[in-house]
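Asker: Pasting in a structure now, in structure tokens, and then I'll have a few things to ask.
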Amino acid sequence: MKKTYLMIITLVALIIISGCAATKQNNSSTNATSTPTPDASGETAPTPEPTEEPNESEASYAQGDKITLGEWDITLDSFEFNEKVSDDVFTSSAEEGNKFIVLNYTVLNNGKESSKFTGMLGSIKMNALYKDEYEYGSTTTMIDGDLSKSTVKPLSSKTGFVVIEVPDLVADSEDSLVLSIDNNGEKAKIKLR
């Protein structure tokens with residue numbers, strides 16, 4: 001019995017190692033540069049430069065637009081900068097020198113199962129991009145209405161908020177601030193300013 005397990009483990013290890021080696025060989029051959037060859041006149045034709053194609057899978061939207069990503073219809077109703085968010089019981093404050101971007105949403109779950117919108121188990125990932133260089137992720141609070149701790153039933157909509165903590169410098173600046181939303185590879189951007 002032990003010999004059978006040992007043989008199976010060895011076989012699996014060999015398959016994995018040979019698969020990795022084959023992948024590495026394929027990558028090295030695709031990374032090799034080709035030397036331009038002379039044409040009939042003896043002159044070397046210029047090598048075309050690779051062009052970067054725009055990312056068409058990441059559409060841009062404005063506040064108030066309905067965005068469909070996977071099974072979710074998402075509308076950013078409004079946003080504001082605040083030092084804290086609170087309800088009747090709890091208050092959540094940003095760290096000193098920071099503010100929250102409070103993003104107020106209406107979301108509709110078109111899926112067949114109850115699902116969390118954001119948060120650790122949610123499918124939607126959200127980041128604020130400042131000047132296309134600095135990225136800030138969403139934060140979960142204990143406040144009622146925080147969509148990162150709410151479950152939305154199938155074919156139901158919910159209104160609530162998501163917060164992203166950013167430095168005061170970002171909140172007070174007039175520079176570009178864009179919200180990036182990702183649902184398992186389907187992406188959208190909302191220009192906040």
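The values are calculated or read from the model by the stated rules, or taken from the named source; none is laboratory data. For clarity, every value in this text was computed on a predicted model and none was experimentally measured. All Cβ positions, glycine included, derive from the backbone under ideal geometry; neighbour counts span all protein chains shown.
Asker: Among the numbered criteria (1) touching a Gly at 6+ places or on another chain (Cβ under 9 Å); (2) surrounded by 20 or more Cβ atoms within 10 Å (Cβ to Cβ); (3) closer than 22 Å to A62 by Cβ; (4) not polar (S, T, N, Q), which single criterion is violated by L103?
Answerer: The one condition L103 does not meet is (1).
Rundown of residues vs (1) without any contact (Cβ under 8 Å) to a residue 60 or more places away in the chain; (2) out of contact with any Asp or Glu (no Cβ under 6 Å at 6 or more places or on another chain); (3) surrounded by 13 or more Cβ atoms within 10 Å (Cβ to Cβ), yes/no style:
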site: N82; (1), (2), (3): yes, yes, yes
site: V89; (1), (2), (3): yes, yes, no
site: S92; (1), (2), (3): no, yes, yes
site: E96; (1), (2), (3): yes, yes, no
site: K99; (1), (2), (3): no, no, yes
site: L108; (1), (2), (3): yes, no, yes
site: S114; (1), (2), (3): yes, yes, no
site: T118; (1), (2), (3): yes, yes, yes
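Asker: While we're here: For segment 58-83, how many residues are part of a strand (DSSP E or B) and touching a Lys or Arg at 6+ places or on another chain (Cβ under 9 Å)?
Answerer: Let us first name the residues in segment 58-83 that are part of a strand (DSSP E or B), namely 58-61, 66-69, 72-82.
So of that shortlist, the ones also touching a Lys or Arg at 6+ places or on another chain (Cβ under 9 Å) come out as 58-61, 69, 73-75, 81-82.
Residues that pass the stated criteria total 10.
Here is a yes/no grid of residues against (1) within 29 Å of F90 (Cα to Cα); (2) surrounded by 13 or more Cβ atoms within 10 Å (Cβ to Cβ); (3) at pLDDT 95 or above:
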position	(1), (2), (3)
E133	no, no, no
D144	yes, yes, no
K153	yes, no, no
G160	yes, yes, no
I164	yes, yes, no
E174	no, no, no
E186	no, yes, no
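Asker: If you don't mind, another one. Among the residues that make up segment 83-105, is at least one of them under 15 Å from A188 (Cβ atoms) and within 20 Å of the chain's Cα centre (by Cα)? Let's see the steps before the verdict.
Answerer: Taking segment 83-105 and keeping what is under 15 Å from A188 (Cβ atoms), we get 103, 105.
Of the ones still in play, those that are also within 20 Å of the chain's Cα centre (by Cα) are 103, 105.
Yes; the residues of segment 83-105 include at least one that is under 15 Å from A188 (Cβ atoms) and within 20 Å of the chain's Cα centre (by Cα).
Residues are listed down the side, and each one gets a yes or a no for (1) in a strand (DSSP E or B); (2) touching a helix residue (DSSP H, G or I) at 6+ places or on another chain (Cβ under 6 Å); (3) under 21 Å from T68 (Cα atoms); (4) in contact (Cβ under 8 Å) with a residue 60 or more places away in the chain:
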{"site": "E135", "(1), (2), (3), (4)": "yes, no, no, no"}
{"site": "I143", "(1), (2), (3), (4)": "no, no, no, no"}
{"site": "V166", "(1), (2), (3), (4)": "yes, no, no, yes"}
{"site": "A171", "(1), (2), (3), (4)": "no, no, no, yes"}
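Asker: Consider A128 against the criteria (1) touching a Lys or Arg at 6+ places or on another chain (Cβ under 9 Å); (2) modelled with pLDDT of 90 or more; (3) among the small types (G, A, S): it satisfies all of them except one. Which criterion is unmet?
Answerer: (1)
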